[in-house]
Every structure is written in C-alpha cells, then in structure tokens.
Amino acid sequence: MDKVSKQELIRGYPQYMRKSIERVEATRAKRLESGPPSPMTAEERENILNKYHPDYKPEKKRKLALGISAGEIVPNEMADMLEAHPLFDPADVDLSHIDYDVSLLVIGGGGAGTAAAIFAHQEGIAADDILVVTKLRHGDSNSIMAQGGIQAADRPEDSPAIHYLDVIGGGHYANKPELVRALVLDAPKIIRWHEDIGVMYDKQDRKYLEAHGGGTSRMRMHSAKDYTGKAIFSAVRDEFRNLGIPVLEFFPVIELLLDEKGNAAGAIIYNIETDEYKIIRAKATVLATGGFGRVHIQDFPTTNHYGATADGLVIAYRAGANIIDMDSVQYHPTGVAYPTAILGQLATEKLRSQGAVPVTKDGEAFVFPLEPRDVEAAAIIRECWEMNNGVETPSGVRGVWLDTPMIEEIQGKGTIKQRLSAMWTMWHRHGIDITEDPVLVYPTLHYQNGGVEIDEHGATSVPGLFAAGECDGGVHGKNRLMGNSQLDIYVFGRRVGMSAARWAKKSRPKKLSLQHVVDYEKLLKKAGIETDRVSPILLPDYRDEAVISSSLGRFI
Amino acid sequence: MSEQENATIRIHIMGKTYRVPAGLTIMDAMEYSGYRFIRGAGCRSGFCGACSTIYRREEDYRLQFALACQEMAEDGMYLVQLPFTPAPRSQYDLEKIDPTENVLLQYYPEIARCVSCNTCTKACPQDIEVMDYVQAALRGDIARTAALSFDCIQCGLCTMRCPADIKHYHMAQMARRIYGRYLSPVPEHLEEQLREIEEGVCDSELDKLVAMNEEELVLAYAARIREEE
Ligand SMILES: Cc1cc2nc3c(=O)[nH]c(=O)nc-3n(C[C@H](O)[C@H](O)[C@H](O)COP(=O)(O)OP(=O)(O)OC[C@H]3O[C@@H](n4cnc5c(N)ncnc54)[C@H](O)[C@@H]3O)c2cc1C
Ligand code: SF4
Ligand code: SF4
Ligand code: FES
C-alpha cells in the first residue's frame, strides 16, 4: 500500500496537482514584480461577505428558544447544545458533601485560566486556596496551538488608539468599546509580563520583529517563530508550576453551582475516566473553557484542540449568564485542504504576512492576502465554488494555492525554516517541501467570536462568575483579528484573576444549589422542546459510524 | 486516484487487528476502529505532545516513536497507546536564581550523567537534536540550549527513553525562560510605550474613540493608512 501511494505522489502531490503547480510557478515572477491585488473597498467587502461567507446563511442559524438570551441568533449546532438536558438528574447529586472548598475555582487550563490563577495569587489568594480544573491535560488547549502571533502597539509609528480602530473596524463595530480599550491599553503590559517570565520573542537589533496581520494598519504582530502560543503558554505554565497552584486534570466541569442568593459558588466536576463526580465550593469562579471548534459548525473541519466543545458556555448559560455575538463564527481563511490526513489544520496567517499570496489553479492572484479573516475566507470560497478556480482534492474538497515559495523570494532563502519551522515540519511529514512548492488551502472553523458577555473586569451577569478568553464575548465583536486572541487571554486572564480574587475576599457562599438546572428543565418543557440531546458534550466522537451503530454503550 | 482512495490497510491495535482506510493518521485510524480517546489526544495538530506513541512494523523488532496525530498509519503497524507520564520537575524562582553557567546543572544535576547514547534524539518526533542541547546545557551554554530546544512540545518521549534519568524538556524549558528573562534584553521601544501609557498620554485619544458612534468610527476606520512593509 505504502509503495503504491509513494509512486503516485510526486514530492507529496498527485500528478494532476503537479500540473497546476507548474502554472503557479509560471506566474510567480510576474506576481512578485507587480505585488498582490489591492485591498477591497468597504462596499466590496460587504458584498462578498453577504454572498459567500458561511455566516451569512440564515438557514444555518436560529433564535434561541429559552434562557436569558432567548431570541439571540446562534448557529444551529450551538442552539442544539443550549436546548438540551443536563448530563445528570440534579436530584441524584448530593451537594452536602463538599470535596474541595476553595476561595477561587478556575475552570479551564489554557492561557486564560492559567493566567487568571497566577494573578489571583499575586492579588493575595494563597496557592492552595486556588483550584484549577481542566478537561484534558493542563495545556491541552487552543492556547498552545497559536502559531502566528500576538498584537501589541509598542512601536513609535503605532499607538493603542490605532490598534483600537483596527480591532473595532475588524469587528464590524459590534465590539464593546470599554473591552477594546482594555485590550489595547493593556497589550504592552502583557508583553512586558511575558518578558519578565522569560518568553523568547523574535527580536532583531534590540527590537521586536513585528509584522502585519489581516486587518492591521501597523506592523504590531509579535511572534516566537510560528510557535508563538507554545512559547508563551509553556512559560506561563512553568511559572504557574513554580508557584505550586494545584490543578486537577481530566476533570471537566459538568455544571456550575450557585448559592441561595444566586451567586456563583463552585461547580460539579466529573472524572471522565472513573465516572465519579466531585463537588467544589468556591467563593469566586472563573470560566476559561475556550471555544467551540470541535462542534464543527456547518460541518467544517477545525483547527481547534480536542476539547473545544463550548462546555463553559453551556453551563454558564444554564446558570443565567447572557451571551453575545454568538451569531458570528470565525472561519480561518487558510486551513489545510490537502493532504486529507491533516484536513482543516491551520496554515498560519503568518505565511501570508511573510509574503505568501493565495492564487487560483492557474496561478492568478485574486485577493489582497491580508484582508480581515471573514473577507479573505469569503474570497477563497468564491474562487473555489463560484468561479471554479480551485483545485479539487481526491477526497472532494476544493482549495486554492497559497504560494509559500514567495516567502523565500521576498524575505530571503532560509526564512521558512527559521521563522516558520512548525509549518515546514507539518507538511514535510507528508513529503511536501513548502520552500519549493505551494500548499492547498480552504477555510476552516477556527474561533468563537462571541461568548459569555463580560465587562472590563471580566464580570459576567452572574455575580461571582467571571469569564476570560475565547469563551468570553464582547471583545472582538463579529470578527476577531489575528493576534488579538492571544492578547485577549492574557489581558482578560489577568484582569479576571485580580477581580475574582477581590470578589472572593468578601464573598461567603454557604449552601450550594442546583435549582437553576431544575428551573432550566422547566424552561425546556415550557418552550415545548422534546429532545434526548444532553450537554455539555465534553468530547467529540470520531468513531466510524459502523462502530457507533453497533455499540452497546456499556463502557463508552 | 480512486484506487488509492478506496484502499484499506491492516493495523494491529494493542494486539487486535483492524482494517481501516489508507491515508489516515494513527490517531484517526484508531478512532475509525472504534477507540475513543480520553488520554492521548490534545491539540490533534502536533503542538501539545499529548499523543506520543510507539509502534513496530511487522518483521522489524525496532520500536519507532511518533506523534499519533501526525504520523500516517501504515499497513502492518503494531500500535499501542502511550499515556503521557509526567517527569519530576525542579521548582525555582526565576527572579532569585543566578542566571549564569552553572544554573542548569544546579537544578538538574543529572544532566552530568549523560552517556551520549543519542537515544533521546532518535526518539524525538520534532527532529530536535536533543542530546546536543543536553550537552550544551552541561557546558553552561544557556543560549544554545534554548535555541536548540525551541520547537520542543514537551511530549516526554526523550525522557521516557533516557537511561540516565534526565528530564530533558523541563530542563530545556528552564533554559528558554532564563534566556528570555536575562539574555535577551527588553526592547527600548516597549519601555517607551509603557512610560507613555503610565503617564496617561494615550488616554485622551482612546477616550475620544470610545465615545464615537458607529458612523464616526466608520469614517475614522476608512481614513486609516496602512503602513508599508
Ligand atoms: C491552531 C490555532 C492557532 C491559533 N493562532 C492564533 C494566533 O496566532 N494568534 C492569536 O491571537 N490567536 C490564535 N488562536 C486563537 C487563540 O489561540 C485561542 O483563542 C486562545 O488561546 C484561547 O485561549 P483560552 O484560554 O480562552 O482557551 P483554551 O486555550 O482553548 O483553553 C480552554 C481550556 O479549557 C478546557 N475545558 C474545556 N471545557 C472544559 C470543561 N467542561 N471543564 C474544564 N475544562 C474545560 C480545555 O480543555 C482547555 O484546556 C489560534 C487558535 C488555534 C486553534
Ligand atoms: S525534546 Fe523530548 S519532549 Fe521535546 S519534543 Fe523532543 S522528544 Fe518530545
Ligand atoms: S538519552 Fe539520556 S543519556 Fe542518552 S544521549 Fe540522551 S540525554 Fe544523554
Ligand atoms: S495531539 Fe497534540 S501533538 Fe498530537
């Protein structure tokens, strides 16, 4: 078998793709000389979004039937999870036996959660009075996967105000102004904190190497090669470990707990390996559970980690926290379209910020490479399905070429291995050398733009419940720009850590309650929703359908 | 083309044989066969190190090492799952350590026991010169340890295989942090921006933007001039 596939593939690509690559090569010199197409006007952007962006398909969304944000429009997959039963019957749970009694509970072990714990400790909460619980290992998260970079306005040519305009324009003016203000003003402080804990940012001549990202008007993308998320997060986690803050792994939260006043008071966690639950009482709770890529909105493949199933949003909603901007979903313009084994994995925007341009099967450039993400994605979808200018893969997916060899032409030989080694390795594992050949890309489900609404301190509408990171809503409006989420998780992770610590010092929850879950069941009934769906879903199920349909469900 | 698409391969998962479509990663092939991961799957993209795996081919006694989410399943592979096993780690205070030559040896004295067998390098799915960074650490070359280990995803395969009990990835993480903190100066332009923020220089412009209605913002956004590369 191995021999067959190796014969058929020429340096990673089948013969018919090679023909198209030859056409890409033929136009490269001319394209390098003329530069990429110019950015679209506001009107052109509007047009292309309306016609081709998956978000602009009304039939793929619906109004929420119940709960505090009833009437909000969300993707059908999200509505399905919110209009569902809890995983257990509240009557079966004994809330009188408390397994962990702490000042601060942090839910989620990505960047936002880990930063929150560190800053709560700095604010005076003892390490052993904090508990971090997470679904997989500490760090198995979207945070560690970021490749491209993190934004911060810190050059003389730039300013927080210019950053502000880029963020809010990119977000279609839906962002909450006070959140954007906090984001851009705290940005340099966060970079400084990263320096203090020893993050190795890319530098040259005693300055940061800073690049453009989609929708930026100044070069402010800081990076650590194309391992930015890993470089930052692994230093943050190492610092967390030095502080000795306890963390429980493989223990997802399956429901929040409130006290008699309706304030957040802890959570029920579930040991996914032994099937037992434990009760946590906490004076303040931080939600940092990340996004929803693994729910595969509109059946898109995703860049996200295995545990990105919007659990936090589901349980916070049941507890009465309102959500915003969940009608918009971010598709990253350039997910891997080929080879199929890594379909949907990320081809970082940094490839484009370093000079790679998307081109058709005939080697024609058709879009400015650094439009805001929604616009760039819509342009690629149009090229593939409307103009028929894409390349179809053996599995029926279409994609356009991202002409990576241009990077070496523009930035100099060796740039890719030096600054984009993760990307080089990913394709190299499949026999493709991106310094020599372009790569095939198509939009992939990437980011949850909206989430649980917060204020600038990270407070949600449930007293004592704070949220930060990808699960929060309001920071990015209807579309997040590259590099602003890595920023969001540390800006708001830090802020919620400090505000939750202050809240914990004066809060005294006593009696724990699941009444909100009981009430939610009543709402379901009242809304006439009859379903056997349960949520949060915790992990996706990728077993073959033949296996699932003959499963007895005894052990799994 | 369709032939290749329809082809199947045989794999052995912990002793049981399954037939799966060709062209899947080890992780996808195991899921196709009916395994549902709890451990051993994290990012599914080669960045987190949760899925380190060992396998053997029929008629080859040698063990191979890989990331299950990145390596393709091949006909005749014997697969097992290898849950991540954390290695002991030294606590330290980055502000209080002495960031000079001996510091890595002080916190990870076992690096002196390296027998240069190169097993760690051979095990590394990221193609890192692991032994070389251990040797660099031993020589007190923090910069080289940091640079060589930069792509480490802390999967732990090297550490699991090392006969000398070395905790490669924790030690290398410490080296990178020391490099970032002490050997790579903070750019002056960042300090300058921080001073401006501290002095409130940025506030009035931001306040103006925060107060703008959408129409005004649209105009301001359209008037931006994109900085040339
Ligand atoms: C491939 C990729 C590349 C990216 N590149 C960039 C980039 O270059 N720049 C940028 O700014 N942004 C980037 N992003 C986005 C950014 O990295 C994420 O949005 C951000 O890291 C989210 O951080 P978080 O802490 O909010 O969530 P995560 O890092 O996802 O952490 C959430 C944690 O909560 C856990 N969890 C989930 N449910 C539960 C539960 N029920 N109970 C307990 N724990 C739970 C998860 O397992 C996880 O550990 C990228 C994202 C991806 C996927
Ligand atoms: S150096 Fe060790 S821990 Fe790091 S990626 Fe290589 S084998 Fe894994
Ligand atoms: S495996 Fe251990 S002893 Fe062998 S070269 Fe690597 S560090 Fe040295
Ligand atoms: S699952 Fe993260 S490296 Fe494979």
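Just so it is clear, none of the values below were taken in a lab; they were calculated from the coordinates. Worth saying up front: this structure is predicted, and the values here are computed from it rather than measured. Methodologically, a virtual Cβ is constructed for each residue, glycine included, from the backbone with ideal geometry; neighbour enumeration extends over all protein chains shown.
Structural remarks
- Peptide A:156-163, shielding by other chains (average Cβ, 10 Å cutoff): 5
- Only aspartates and glutamates eight or more places from A:Lys207 in sequence, or on another chain, were considered; those with a Cα closer than 15 Å are A:Asp154, A:Glu157, A:Asp158, A:Glu195, B:Glu188, B:Glu191, B:Glu192.
- Average other protein chain Cβ within 10 Å of Cβ, residues A:164-177: 4
- For region B:8-81, the alpha carbon positions stretch 31, 25, 20 Å along the principal axes, listed from largest to smallest.
- Full extension of the chain between A:His97 and A:Thr531 gives 153.1 nm of extra length, using 0.36 nm per residue less the Cα-Cα distance.
- Taking a ≥ b ≥ c as the square roots of the Cα gyration tensor eigenvalues, chain B comes out oblate, since a/c reaches at least 1.5 and a/b does not exceed b/c.
- FRET efficiency, 1/(1 + (r/R0)^6) with R0 56 Å, evaluated for B:Glu229 and A:Arg508 via beta carbons: 0.50
- Cα long-axis angle, helix A:15-34 against chain A (0 to 90 degrees, to the nearest 10): 80
- Theoretical gain in end-to-end length, A:Glu273 to A:Glu43 [0.36 nm per residue, Cα-Cα removed]: 77.5 nm
- Given A:Lys176/A:Lys413; B:Lys16/B:Lys122; A:Lys60/A:Lys230, the pairs whose alpha carbons are separated by over 32 Å: A:Lys176/A:Lys413; A:Lys60/A:Lys230
- Remark: relative contact order (region A:284-351) = 27 percent; criterion is Cα-Cα distance under 8 angstrom and separation of 6 or more residues.
- Top of B:Ala87, B:Ala137, B:Ala211 by mean-square fluctuation, Gaussian network on chain B, Cα under 10 Å: B:Ala211
- The ranking of A:Ser217, A:Ser535, A:Ser328 by Cβ neighbour count inside 10 Å, starting from the fewest, reads A:Ser217, A:Ser535, A:Ser328.
- Taken about its Cα centre, chain A carries a charge dipole of about 720 debye when Lys and Arg each add +1 at the Cβ and Asp and Glu each add -1 at the Cβ.
- Test item: Cα-centred dipole of region A:43-102, Lys/Arg +1 and Asp/Glu -1 on Cβ, debye: 560
- Each stretch of four or more DSSP H residues adds -39500 (n - 2.57); spread over every residue of chain A, this sum gives -10000 deg cm²/dmol at 222 nm.
- Candidates B:Gln91, B:Gln106, B:Gln193, ranked by Gaussian network fluctuation over chain B, Cα under 10 Å, top entry: B:Gln193
- Computed from Cα atoms, the angle from the helix A:160-170 axis to the main principal axis of chain A rounds to 80 degrees.
- Angle of helix A:111-122 to the longest C-alpha principal axis of chain A, folded into 0 to 90 degrees and rounded to 10: 50°.
- Mean Cα-pair separation over length for region B:94-183, i.e. relative contact order, pairs under 8 Å, 6 or more apart, %: 33
- Residues A:Phe119, A:Phe240, ranked from the fewest to the most other C-beta atoms within 10 Å, line up as A:Phe119, A:Phe240.
- For region A:236-372: rounded, prolate or oblate by the Cα gyration tensor [a/c cutoff 1.5]: prolate
- Cβ crowding within 10 Å ranks A:Trp193, A:Trp401 as A:Trp193, A:Trp401, fewest other Cβ atoms first.
- Violating pairs (Cα-Cα greater than 26 angstrom) within the set A:Lys225/B:Lys96; A:Lys350/B:Lys96; A:Lys30/A:Lys203; A:Lys57/A:Lys478: A:Lys225/B:Lys96; A:Lys350/B:Lys96; A:Lys30/A:Lys203
- Normalised by the number of residues in region A:132-192, the average gap of Cα pairs under 8 Å and 6 or more apart makes the relative contact order 34 percent.
- With Cα atoms as the point set, the protein assembly as shown shows a radius of gyration and Dmax of 25.3, 73 Å.
- Taking B:Asp151, B:Asp127, B:Asp60 in turn, the Gaussian network model of chain B (Cα-Cα springs below 10 Å) assigns the largest fluctuation to B:Asp60.
- Considering only the protein assembly as shown, percent of DSSP beta bridges that pair antiparallel, nearest 5: 70
- Positive end of the dipole of region B:160-229 (Cβ unit charges, origin at the Cα centre): among B:Ile197, B:Met160, B:Tyr179, the Cα lying farthest that way belongs to B:Met160.
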